[in-house]
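The values are calculated or read from the model by the stated rules, or taken from the named source; none is laboratory data. What you see is a predicted model; the values in this text were computed from it and never measured. Backbone-built Cβ (ideal geometry, glycine too); neighbour counts: all protein chains shown. Remember, those area values only see protein heavy atoms, side chains included, never the ligands or the DNA or RNA. Shrake-Rupley method; radii C 1.70, N 1.55, O 1.52, S 1.80 Å.
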Amino acid sequence: MSSNLNDVIAAHQQGNFGAAESGYRAFLADRPNHSQTLQMFSLLLMQQKRSAEAMAVYRRVIDAEPAVPNHWANFGGMLRGAGQAAVAGDAYRRALALDPAHGAATFNLANLLGAAPPGGAGRPLDAAVWYERILAVTPDQEQARNNLDILRQRNADRFEAAMRREVARDPQSPHAHERLARTLLQSSGFLDWYPGKACVVDFPRALAAFDHLRFALAVQPEPEQGDRVRTWLALALDLLQLGTLDDDRLELAARTAWQRLRVKPKDSLAAALVGYHVYRRGRLTLASRLQTRFTARFTAAEIAADAELGYWSMLRADDAFFARLRPVDSVIARLPDLETLAPETMAPETMADAGDGTTEPAIMVSGDDVYIRRFGPDLLQSIARHSPGASVVLHLVAPTAGTLGLVEEWRRRYPLALAVSRERPDLSGWPPVRRSTYFACVRFIRAFQWHQRLGRPLIVLDLDAVVRSDLRQLASGITDRDLGLMLDKRRRGPFREILVGFDYYNNTPLAGRFLATVAAYIGHFLLDAEPRWMLDQSAHLATVDWFQRRNPPLRIRWHDFQGFAHCSFVGEK
């Protein structure tokens, strides 16, 4: 074997371990304390599972240069690999004594302490301290953060008990309260939640975390708070959207948000919480005006990139906005034509009677090709099972010939009076979210047209609904009302209060005016502004609010969303 060290290392890297070992030994015979050669030789021995020999060789590196922290950190790794966890921990600590900021030694010591015996020390609380040291210096160290999260999940009870003891020892310590809050959030399941995901959350624990974070901020000087204020406000927003943030806690968050806006006038999170607080106090018009003024600070691109800005940009509850709305007929004139493909089953003379002198409602659903194919069969089958012979309007947005053929098959298969209409907008190049926003919103303009055409009550259902009872029976409970709407009593915000997965529009003049106004509201954003997700729900709440400030007010039958037994829904509401 060549005596050139580079040739020896090349042989090692190529897997020629025998030649490499001979080369390292020959080189060390002349230069017994050559550090690089000793390190490479010890690595070669470890790769051959000759750990005792490897550590003896590496010990010569440390003996020659005992003040080099990297040597001790590497030695710790070798010792742990050899099954000597306790001695490995000592080696990592020697490295940290020489260099307290040594990242690899800190991370590996934390890993060792957190792992269960015999490979580790089984001391998760001590491991967490070291992970937190890493994150205090490098907050974006994802591996340390992931390891710490897993550690807390697996040892939730031990962490919570330890954090509670820490708070009891020093009740005024902001760091103790913050650490307990993070532990509670971890054990509550809250950190696994995100909008649209269904998961089990222990809300009392999550709210306790909110309170501990608030206390930490209250006793901590403002210059030391860093991003903790925003973390707390983000937690407030998430709890509100989950329907568990009460008015008192929201008011505390809103006060802090007002203060933050003085320093950071473009903080959309803070502005949103102020808006939600004003809305919760029953002042929807003021919330709308405040958010309109705030949104004016942002470019269209900034609004498009921020979900909260987008939601609030579509809420207009002031009288001036409603006064400026185009007549619904002019909105319809600018949309693609509504083409009726199968009208004969919905002629006025075929209207069924509900049995008590009331006209039974028609049921309307709408979607594009993707949604119609995905959800249409289950919904229609459920309607046919519970309401055989019911009148159903199926409105199609840009259907393909294949979908039209499928719908014709459904008309023959299901015992329903199925009418079909379509519109053919040019959707080329539209991303999926814009397509779904369009058909979710334009359906209420088409519902106005069908409501006028049929002269009978109309139920609009989400396409992802499954019917659990005969919806026609609802007619008897709404004869003295204009509308039947689904209400989320948790008051999760103006975009989530009236959930439009189910809407009942009676055949009254006021119901017709209401639906025309909703259609005009939606048409304004579809045609003259930028429509965003939840426009349909914002339009209903703002229009209800506007009508209820007039005489005569709408007569509404409210259905509790959480107890609504007539339908179940797939999508987020």
What pairs can you find where one residue is in segment 368-380 and without any contact (Cβ under 8 Å) to a residue 40 or more places away in the chain, the other is among the hydroxyl-bearing types (Ser, Thr, Tyr) and open to solvent by 10 Å² or more (accessible area, probe 1.4 Å), and their Cβ atoms are less than 8 Å apart, with a gap of 6+ or different chains? 369/400; 380/414
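Is it the case that some residue within segment 355-364 is under 30 Å from the mean Cα position of the chain (by Cα), modelled with pLDDT of 95 or more and assigned by the TED database to the domain that holds residue 518? Spell out how you get there, then give the answer.
Within segment 355-364, the subset under 30 Å from the mean Cα position of the chain (by Cα) is 364.
Now restrict to residues that are modelled with pLDDT of 95 or more: 364.
If we keep only those that are assigned by the TED database to the domain that holds residue 518 too, we end up with 364.
Within segment 355-364 (the criterion being under 30 Å from the mean Cα position of the chain (by Cα), modelled with pLDDT of 95 or more and assigned by the TED database to the domain that holds residue 518), the answer is yes, since at least one residue qualifies.
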I'm trying to understand the selection: among the residues of segment 136-171, which are open to solvent by 70 Å² or more (accessible area, probe 1.4 Å), assigned to a loop (DSSP other than H, G, I, E, B) and in the same structural domain as residue 110 (by the TED database)? 139, 140
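Every residue, every condition in (1) at pLDDT 90 or above; (2) under 26 Å from residue 13 (Cβ atoms), yes or no:
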| site | (1), (2) |
| --- | --- |
| 47 | no, yes |
| 51 | no, yes |
| 83 | no, no |
| 87 | yes, no |
Restricting to segment 329-349, count the residues that are open to solvent by less than 20 Å² (accessible area, probe 1.4 Å) and at pLDDT 95 or above. 2
I'd like the residue in segment 13-22 that is surrounded by 11 or more Cβ atoms within 10 Å (Cβ to Cβ) and either within 14 Å of residue 43 (Cβ to Cβ) or outside the structural domain of residue 47 (by the TED database) (or both) and, out of all such residues, is nearest to the chain's Cα centre (by Cα). 17
If you go through segment 479-487 one residue at a time, do you hit one that is open to solvent by 30 Å² or more (accessible area, probe 1.4 Å) and without any contact (Cβ under 8 Å) to a residue 12 or more places away in the chain? no
Quick one: in segment 420-453, of everything that is at pLDDT 90 or above, of a type in the set (Lys, Arg) and assigned to a helix (DSSP H, G or I), which residue is surrounded by the fewest Cβ atoms within 10 Å (Cβ to Cβ)? 453
Given the conditions (1) in a helix (DSSP H, G or I); (2) buried (at least 17 other Cβ atoms within 10 Å of the Cβ), report the number of the one that residue 316 does not fulfil. (1)
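Yes/no per residue for (1) more than 24 Å from the chain's Cα centre (by Cα); (2) modelled with pLDDT of 95 or more:
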position	(1), (2)
191	no, no
220	yes, no
250	no, yes
253	no, yes
259	yes, no
272	no, yes
276	no, yes
280	no, yes
293	yes, no
Of everything in segment 527-544, what is surrounded by fewer than 21 Cβ atoms within 10 Å (Cβ to Cβ) and assigned to a helix (DSSP H, G or I)? Give them in sequence order. 527, 528
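The rows are residues; the columns are (1) open to solvent by 60 Å² or more (accessible area, probe 1.4 Å); (2) more than 30 Å from residue 437 (Cα to Cα).
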position	(1), (2)
210	no, yes
215	yes, yes
228	yes, yes
258	yes, yes
270	no, no
280	no, no
284	no, no
290	no, no
309	no, no
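Would a scan of segment 476-485 turn up a residue that is hydrophobic (A, V, I, L, M, F, W, C) and either at pLDDT below 95 or within 27 Å of the chain's Cα centre (by Cα) (or both)? Working first, answer last.
Step one: filter segment 476-485 for residues hydrophobic (A, V, I, L, M, F, W, C), giving 478, 483, 485.
Filter again for either at pLDDT below 95 or within 27 Å of the chain's Cα centre (by Cα) (or both), leaving 478, 485.
The answer is yes; a qualifying residue exists.
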Determine which member of the set 491, 513 is charged (D, E, K, R) and not in a helix (DSSP H, G or I). 491
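When only residues in segment 172-185 that are assigned to a helix (DSSP H, G or I) and small (Gly, Ala, Ser) count, which is surrounded by the most Cβ atoms within 10 Å (Cβ to Cβ)?
Going residue by residue through segment 172-185, those that are assigned to a helix (DSSP H, G or I) are 174-185.
Filter once more, keeping what is small (Gly, Ala, Ser): 176, 181.
On the way: 176: 21, 181: 27.
Taking the candidates together, the pick is 181.
Going through segment 545-565 one residue at a time, which ones are part of a helix (DSSP H, G or I) and small (Gly, Ala, Ser)?
The initial filter retains those residues of segment 545-565 that are part of a helix (DSSP H, G or I), namely 545-548, 561-563.
If the condition is that a residue be part of a helix (DSSP H, G or I) and small (Gly, Ala, Ser), then 563 is the only one that fits.
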State all residues of segment 29-40 that are within 53 Å of the chain's Cα centre (by Cα) and open to solvent by 10 Å² or more (accessible area, probe 1.4 Å); if no residue qualifies, say none. 35, 36, 39, 40
Which fully enclosed helices (runs of 4 or more DSSP H) of segment 46-120 have 1 or more residues being open to solvent by 60 Å² or more (accessible area, probe 1.4 Å)? 51-64, 69-81, 85-98
